Structures are given as C-alpha cells and as structure tokens.
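Below is one structure, written out as structure tokens; comments come after it.
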Amino acid sequence: MLIRPGDDGVLAIGQLSHSWLAGQLARAWGSERFGGVEPREEVVLGAEQHDIGWALFDLEPRFNPDTGLPRSFLELTVDDHLEIWRDAPDHLLTQSLHAALVVSMHGSSLSELRAAGRSDDAERVRDHIDAEHARQRALRQLLGVSEVQAERTRRQMWTWDGLSLALCHGWRPFVARDVPTAGGELVDVTLAEDDTVDPWPFAAERVEVRCEARRLAPRYDDEPAMLEGFAAARIETVRFALAPA
C-alpha cells in the first residue's frame, strides 16, 4: 500500500495499481537514446505485474497505530516482506516465463536493498536472495537470456518502479539513478516538480499514465475503523502527464 497524505484526506494506492502505472511507463519507453524494451510484451507484462505478491495482502491492510492509517510498503516487517516476495514469481510461471524473471529479479533486488540497509534483517532475507538468484539462472537458461540482457531489464524495471513510486507519492524532484541507455551507458533521469523528465526516455512526445486510489480519512481510531473506512472508500483515478524538460 502506498499512502499519500494531503490537505483533503489520504490517498491509499494499492501496490498493484502502482505496478500497473509502472507497466504503462514500460510500454511507453523507447527514445533513441534509451532504446527499447526487449522482449517488449513479456517485459511490459512483468512490469505491470511486478508487485503481484501484494494482490491479497493489500485487500486487508495492516494498521499503523502511530499514524491511524494503513501501513505503507515502507513499514513492512521482514516477515511481511518474505510473505509477499517469496512466492511472487510463481504467479506468472504459467503465463510468461520472462515476466516471472522480471518479478524474480525485482524481488531479489528489494531483498538485497533490505539486507544492505537493515543489518538485523540481512540473515533472514539471504535465503530469499539465494533462491531467487537460482531461479533466475534457471529461467535465463530456459529463455536463452544472457546475464547482460537480464541486468539491463532489471535496471529498467528498477527505473519504472522508482518513477511510478515518485509519481504516486508526489516525490518531486526525483532522480532515477543508473538508467541503462541503448549504448550501455548508465545515466540519471530526473522527474521535476512540473512532471517534466530529463533526459527524455519515452518514444512519444508526451506520456499520460494513471492509477487508482482510495480516498481515506486523515486518521482512524483503531484497526476495525480503518478496515471499515478502507472497504467503503471512494475509488479515484489519479492521472499524470509527463513531458520533456
């Protein structure tokens, strides 16, 4: 769950709706400098579904008594993290092996980030990292995908995820680091306050994307009240228009 407080309440954006937005960015990707997405449909599907492990988790969000709101993805316990990510790629194995590879690479990257930032969690996520790396080797062999190609896709996915999070949360300015270009160079891409993007990585001259959110009260007294409010909340479409700087 992504939680975005505002003057008129709180927007709660499900991880899969944020994931859908990331998929829209992936589908639009492809300027001359940044190159395309290969294989396009499979990787775009993986981007759209990269948070598939959250599908049921977000239907009954956990309560944060400090904020009086649902817990955001930034407040996950290590048990939550492993519950969500351990089996996430399995949901795509009968749909697209390449999409499952995208999800696996993203999940292991998140576990590596967690291990680097939280020493207490490092040992507990190590098994997940090792298992996903083994899964990735097997999938690359089945698909005939090189490590270089897979790493390019992993970095692209990290970029789409970061830009989607920035849009949904209102993080401006935001810098996506080490974005792969067509020539193999890694560059930074900046999302500015006015939603312009520099350098421009998309095929079209303008890109419009959207997600869905629930409008919540600023705070709830307890978990039952939060769950009741969440279930009854109005669904809103949140739109963004991106343009070159």
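Data overview
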read-out	value
Summed residue charge, Cβ within 12 Å of Met105's Cβ, Lys/Arg positive, Asp/Glu negative	+1
Distance histogram in 5 Å bins (all Cα pairs of the stretch 194-245, percent per bin)	5, 17, 19, 12, 10, 10, 10, 10, 7, 1
Rounded, prolate or oblate (a/c below 1.5 giving rounded, otherwise prolate when a/b exceeds b/c) for the stretch 1-49 by Cα gyration tensor	oblate
Distribution of pairwise C-alpha distances over the stretch 35-181, 5 Å bins, in %	2, 9, 17, 21, 21, 17, 9, 3, 1, 0
Accessible-area composition of the stretch 54-195, carbon plus sulfur, in percent [1.4 Å probe]	49 percent
Rounded FRET efficiency, nearest 0.05, which uses the C-beta distance separating Leu74 from Leu142 and R0 of 30 Å	0.30
Computed P(r) (all Cα pairs; the stretch 1-110; 5 Å bins; percent)	2, 12, 19, 21, 17, 13, 9, 5, 2, 0
Estimated inter-spin distance, Thr94 and Ile235, nm [label 7 Å along Cα→Cβ]	2.5 nm
Among Gln49, Gln141, Gln24, residue whose mean-square fluctuation peaks in a GNM of the chain (springs only between Cα atoms under 10 Å)	Gln141
log10 of Debye I(q)/I(0), alpha-carbon scatterers only, for the chain at 0.08, 0.12, 0.17 Å⁻¹	-0.31, -0.71, -1.34
Heavy atoms of Ile3 accessible to a 1.4 Å probe, total area in Å² rounded to 10	30 Å²
Solvent exposure of the stretch 180-245 as accessible area per residue, Å², 1.4 Å probe	57 Å²
Environment charge of Gly9, counting only residues whose C-beta is closer than 13 Å and scoring Lys/Arg +1, Asp/Glu -1	+2
Net charge over other residues, Cβ less than 13 angstrom from the Cβ of Ala192 (K, R count +1; D, E count -1)	-4
Centroid-to-centroid separation of the stretch 210-245 and the stretch 24-67 [C-alpha atoms, Å]	18 Å
Gaussian network model of the chain, springs between alpha carbon atoms under 10 Å - residue of Ala47, Ala55, Ala99 with greatest fluctuation	Ala55
Karplus 3J(HN,Hα) series, Hz, for the stretch 188-204 with 6.51 cos²θ - 1.76 cosθ + 1.60 (x for Gly, Pro)	8, 10, 10, 9, 8, 4, 8, 6, 8, 10, 9, x, 7, x, 9, 6, 8
Coordinate range along principal axes, alpha carbons of the stretch 143-244, Å, largest first	53, 35, 20
Relative contact order computed over the chain (Cα-Cα under 8 Å; 6+ residues apart), in percent	27 percent
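The values are calculated or read from the model by the stated rules, or taken from the named source; none is laboratory data. The structure displayed is predicted, hence computed values, not measured ones. Using ideal geometry, Cβ is built from the backbone for each residue, glycine included, and neighbour counts are taken over all protein chains shown. Heavy atoms of the whole protein, side chains included, go into the accessibility calculation; ligands, DNA and RNA do not. Shrake-Rupley method; radii C 1.70, N 1.55, O 1.52, S 1.80 Å.
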